[in-house]
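Worksheet for the structure shown next.
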Amino acid sequence: MPGMPAMANDALDIRNLCFRYGNTTALNDINVSISPGESVILLGPNGAGKTTLFSLICGLFAADSGSILIDGRSLLKRADALAPLGIVFQSQTLDLDLSVEQNLMYFCALQGLARKEARARIKTALQRMDLSKRANDKIRTLNGGHRRRVEIIRATLHAPRILLLDEPTVGLDIPTRTELIRYLHELPERHGCAVLWATHLTDEVHDTDRVLMLHNGELQLDGSLDQLRRSTNTSSIEGMMQHVISQ
């Protein structure tokens, strides 16, 4: 209607998504919409389809059917569809022979950010992650926790609408994990971006998170922890997973 404000796009909108490896169905009729600022945890046993789903969202694979829209941009129809997406892969993707700042400046250049704006964003992010003193250090001199912090900074410098995190705390010591879990849960409110976080570590789930649970390529559960506790008649995330697996 004239005069009414435009509705904001979902950060991520997945409809009727299907994907097969040969004769094996990896994902079957997945439907998920994630709003800006939502914190969403993706759970599921090995082989559930979590990695395949992330690969499709990132454009590494093409879906057999269905659609993926990132901030209203179709992966099939727009060359810039991945622009509103931030990604932190499980495997490290930093250049070991460049400094922290060089890695981040290079990413900003790829995103088309002006050097002055890029330096300002990097300075703020490094301060927030307590890495200012390591800005000129080569990546190979950093420990695993500091490298992961740099990757998270890099993934958010262009102010994405949604951030994908694939097992971001694997291999980190307990204090570093605890700090990163806290930081990542603050991102939706601090940056206004949605977060879709794949993990198998149930202690990373907070009561305020929305939980998606995949099993055998199908979305079995979707809701808040309280909703899922009631619907599965269980008191723990482990109990929910066992409920889904036993169906």
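Within the range 138-146, identify whether any single residue is in contact (Cβ under 8 Å) with a residue 24 or more places away in the chain, within 24 Å of PRO188 (Cβ to Cβ) and either in a helix (DSSP H, G or I) or basic (Lys, Arg) (or both), and answer yes or no. Checked against the condition, which is being in contact (Cβ under 8 Å) with a residue 24 or more places away in the chain, within 24 Å of PRO188 (Cβ to Cβ) and either in a helix (DSSP H, G or I) or basic (Lys, Arg) (or both), the range 138-146 yields at least one hit.
Among the residues of the range 46-65, is any touching a Leu at 6+ places or on another chain (Cβ under 7 Å) and part of a strand (DSSP E or B)? Looking through the range 46-65, none of the residues is touching a Leu at 6+ places or on another chain (Cβ under 7 Å) and part of a strand (DSSP E or B).
Of the residues making up the range 86-104, those that are in a helix (DSSP H, G or I) and crowded, with 18+ Cβ neighbours inside 10 Å are VAL100, GLU101, ASN103, LEU104.
Residue by residue, here is whether (1) at pLDDT below 95; (2) assigned to a helix (DSSP H, G or I); (3) closer than 20 Å to ALA83 by Cα holds:
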| residue | (1), (2), (3) |
| --- | --- |
| PHE107 | no, yes, yes |
| GLY112 | yes, no, yes |
| ARG121 | no, yes, yes |
| LEU126 | no, yes, no |
| ILE152 | yes, yes, yes |
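Please tell me if ASN28 is more than 18 Å from the chain's Cα centre (by Cα), more than 25 Å from GLU204 (Cβ to Cβ) and at pLDDT 95 or above. In short, yes.
So that you can scan it fast, the table gives a plain yes or no per residue for (1) free of Cβ contacts under 8 Å to residues at least 24 places away in the same chain; (2) in a strand (DSSP E or B); (3) of a type outside the set (A, V, I, L, M); (4) not assigned by TED's automatic domain parsing to the domain that holds ARG73:
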site	(1), (2), (3), (4)
GLY171	no, no, yes, no
ARG182	yes, no, yes, no
ASP203	yes, no, yes, no
VAL211	no, yes, no, no
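Return the residues of the range 22-32 that are touching a residue at least 12 places away in the same chain (Cβ under 8 Å) and over 12 Å from LEU219 (Cβ atoms); say none if nothing qualifies. The answer is THR25, ALA26. When the range 44-85 is examined, which residues are found to be charged (D, E, K, R), farther than 30 Å from MET241 by Cα and either in contact with a helix residue (DSSP H, G or I) (Cβ under 6 Å, 6 or more places away or on another chain) or surrounded by fewer than 16 Cβ atoms within 10 Å (Cβ to Cβ) (or both)? Residues satisfying the conditions are LYS77, ARG78, ASP80.
If only residues of the range 196-246 that are surrounded by 19 or more Cβ atoms within 10 Å (Cβ to Cβ) and small (Gly, Ala, Ser) are counted, the one that is nearest to LEU17 (Cα to Cα) is GLY217. A count restricted to the range 67-85 and to residues that are assigned to a strand (DSSP E or B) and aliphatic (A, V, I, L, M) stands at 4.
Against the condition under 27 Å from LEU201 (Cβ atoms), not small (Gly, Ala, Ser) and not assigned by TED's automatic domain parsing to the domain that holds ILE237, how does PHE89 come out, does it pass? It is true that PHE89 is under 27 Å from LEU201 (Cβ atoms), not small (Gly, Ala, Ser) and not assigned by TED's automatic domain parsing to the domain that holds ILE237.
The values are calculated or read from the model by the stated rules, or taken from the named source; none is laboratory data. None of these values were measured; they are calculated from a predicted model. As a convention, Cβ positions derive from the backbone with ideal geometry for all residues, glycine included, and neighbour counts pool all protein chains shown.
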